[in-house]
Amino acid sequence: MSNERHTDANDKKVRRLDIATHWQLMWWRFGKHRMAMTGAAVLGIFLIISLFAEFFAPYGSHRRNPHYFQGRPMGVHLFDDNWNFHLRPFIYERANKRDPVTFRLRAVVDTSKQIPLRFFTRGETYTFWGLFESDLHLFGAEKGFVNLFGTDQLGRDVFSRLMYATRISLSVGAIGVFLAFTVGILMGGIAGYFGGIADELIMRLMEFIRSIPTL
């Protein structure tokens, strides 16, 4: 009885493969590849970040922290120095102070001043894709600056700039693929339609262009 059920299941699977379209076959094969699915998930996360960079970034790409230059990342805490637990995560206030001996700026952590983090908070106003204005951010602080990844030499938030850089990086890749796709179809269509000398010239040109990265 079990053999008959197993045979029927195999027959149904074979019939399903016989009537499946090329897109269905491709998707089934893609879904069985774990590395491909992992890569698609990571790419999807990057795509979401690039689309909603203003929301994920607590500050604008040019917003500066005037008291914290080239600062290290700010750690998020749930326990203070006395090991008291806090339900709301917080960071300690940091600022650059001039060393009286070396006269160099160094980061000073003030453990007496806690900056609580708030999620889905109101902050800096931005224009979302040029359509409407909003001031809603994924996280932020009502008082003080939150620089999770630190700041650069001008005091700009590295985490916020990374969110905007994701959009730029994906845009460059998408534009490059679109241009290559468009030019490829155009040149291939011309070569296939006219043939002869036009086909030979276009093929030699493509071979020359493809050989440039390997030279």
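All of the numbers you see were taken from the coordinates with simple rules; none came from a lab. These numbers come from a predicted model, not from an experiment. In this analysis, Cβ positions are derived from the backbone assuming ideal geometry, glycine residues included, and neighbour counts consider all displayed protein chains.
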Q | Cβ-based exposure ranking for HIS86, HIS77, HIS137, in which fewest neighbours within 10 Å come first | A | HIS86, HIS77, HIS137
Q.
Skipping prolines and chain starts, which residues have an amide H placed within reach, meaning under 5 Å, of the one on LEU148, given they are 5 or more residues away or on another chain?
A. MET74, PHE159
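Based only on other Cβ atoms within 10 Å, what is the fewest-to-most ordering of TYR92, TYR68? If you can, show how the numbers build up before the last one.
Values: TYR92 17, TYR68 22.
By the 10 Å Cβ count, ascending, the order reads TYR92, TYR68.
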Q. Any idea what the dipole of the chain comes to, in debye rounded to 20, about its Cα centre with Lys/Arg Cβ at +1 and Asp/Glu Cβ at -1?
A. 460
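Kindly provide the helix-only [θ] at 222 nm of the chain, computed as the sum of -39,500 (n - 2.57) over DSSP H runs of four or more divided by all residues, to the nearest 500 deg cm²/dmol? Working shown, then result.
Numbers: 6 runs with 103 residues, N = 215.
Result for the chain: -16000 deg cm²/dmol, rounded to the nearest 500.
Taking neighbour Cβ counts within 10 Å as the exposure measure, how do ARG204, ARG72, ARG94, ARG156 sort from fewest upward? The partial results should precede the final answer.
Details: ARG204 10, ARG72 13, ARG94 23, ARG156 18.
Lowest count first: ARG204, ARG72, ARG156, ARG94.
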**Q.** Dipole of the chain, positive end: most advanced residue of HIS77, PRO58, HIS22 [Cβ charges, Cα centre]
**A.** HIS77
**Q.** Cut-off under 5 Å, modelled amide H: who pairs with LEU105 long-range
**A.** ASP99
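Do you know the relative contact order of the range 119-215, to the nearest whole percent, from alpha carbon pairs under 8 angstrom that are 6+ apart? The partial results should precede the final answer.
On the way: 60 pairs, mean separation 12.1, N = 97.
It comes to 13 percent, rounded to a whole number.
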